[in-house]
Amino acid sequence: MERKVVVVEDDINIAELLRIYLEKDGFAVTVSHDGAEGLRLAEELKPDLVMLDIMLPGMDGWQVCKRLRQTSKVPIIMLTAKGETEDKVQGLEMGADDYIVKPFEVKELLARIHAVLRRTGEEAPQQGKKLTFDKLVINLDSYELIVDGKKIDTPPKEMELLYHLAATPNRVYTRNQLLDEVWGFDYFGDSRTVDVHIKRLREKLEGVSDQWELKTVWGVGYKFMTENA
């Protein structure tokens, strides 16, 4: 059965972008461009998730969230251009489950959606996306990275890149291959994006184990090198 999402967003272009990507990911999407109508749709349709902009005409996102929480435990993700800590705290205190700042990367947004649905019990975790090495666990089901027994805060894109490399140990990937396979064919960045993410991953991983290594293959790209693969 399709999972239902109500998107309440007054920017028509952003709302349409969200609809396209959510439907592609298997959701049934209903869009509203103002708060009062969005609240009505959320109450009537009883969706699995509400994506809620803050700056809405009429009833703003804070009011919609507060009203929804009076009658419903539906997962709510606040979507806004505001990034101040106070706004995040206010949204979470009002009962929102997550808070995403525009502009956002679609793959990260989808990852956060699935994470919220898993946390709230609306989605069973997918199986088979967990890799284990010496002192390292890469769990793409829960988007968790465990290094030497400690959970390391890692952005979704770094998780996806590391998982992609580690899923085929000792295979060398060019930067363009990683852009295509991890970021997607419609990504307009350049190869330096890969370099930056690799650098950040190395800061988390270097020196942890002598049984594996995130290695640069000069003139080609990168690989996750292990002794046992």
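Of the residues contained in the stretch 142-156, one or more are found to be touching a strand residue (DSSP E or B) at 6+ places or on another chain (Cβ under 9 Å), open to solvent by less than 30 Å² (accessible area, probe 1.4 Å) and under 21 Å from Arg118 (Cβ atoms).
Yes/no per residue for (1) at pLDDT 90 or above; (2) touching a helix residue (DSSP H, G or I) at 6+ places or on another chain (Cβ under 9 Å); (3) more than 21 Å from Glu105 (Cβ to Cβ); (4) open to solvent by 10 Å² or more (accessible area, probe 1.4 Å):
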residue: Ile12; (1), (2), (3), (4): yes, no, no, yes
residue: Leu18; (1), (2), (3), (4): yes, yes, no, no
residue: Lys46; (1), (2), (3), (4): yes, no, yes, yes
residue: Gly58; (1), (2), (3), (4): no, yes, yes, yes
residue: Pro75; (1), (2), (3), (4): yes, yes, no, no
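Selection over the stretch 158-192 of residues that are in a helix (DSSP H, G or I) and either open to solvent by 50 Å² or more (accessible area, probe 1.4 Å) or at pLDDT 85 or above (or both) gives a count of 16.
Across the stretch 130-141, the number of residues qualifying as modelled with pLDDT under 90 and open to solvent by less than 80 Å² (accessible area, probe 1.4 Å) comes to 2. In this structure, is Ala81 within 23 Å of the chain's Cα centre (by Cα), at pLDDT below 85 and buried (at least 22 other Cβ atoms within 10 Å of the Cβ)? Answer is no for this residue. Suppose the filter is open to solvent by less than 40 Å² (accessible area, probe 1.4 Å), more than 19 Å from Leu110 (Cβ to Cβ) and either within 21 Å of the chain's Cα centre (by Cα) or at pLDDT 95 or above (or both); does Val196 pass it? No; evaluated as a whole, the condition is false for this residue. Among all positions in the stretch 48-68, there is no residue which is free of Cβ contacts under 8 Å to residues at least 12 places away in the same chain, assigned to a helix (DSSP H, G or I) and over 21 Å from Arg119 (Cβ atoms).
The values are calculated or read from the model by the stated rules, or taken from the named source; none is laboratory data. Quantities reported herein were computed from a predicted structural model and do not represent experimental measurements. With ideal geometry, Cβ positions are generated from the backbone for all residues, glycine too; neighbour counts draw on all protein chains shown. Please note that ligands, DNA and RNA were not included when accessible areas were found on the heavy atoms of the full protein model with its side chains. Shrake-Rupley method; radii C 1.70, N 1.55, O 1.52, S 1.80 Å.
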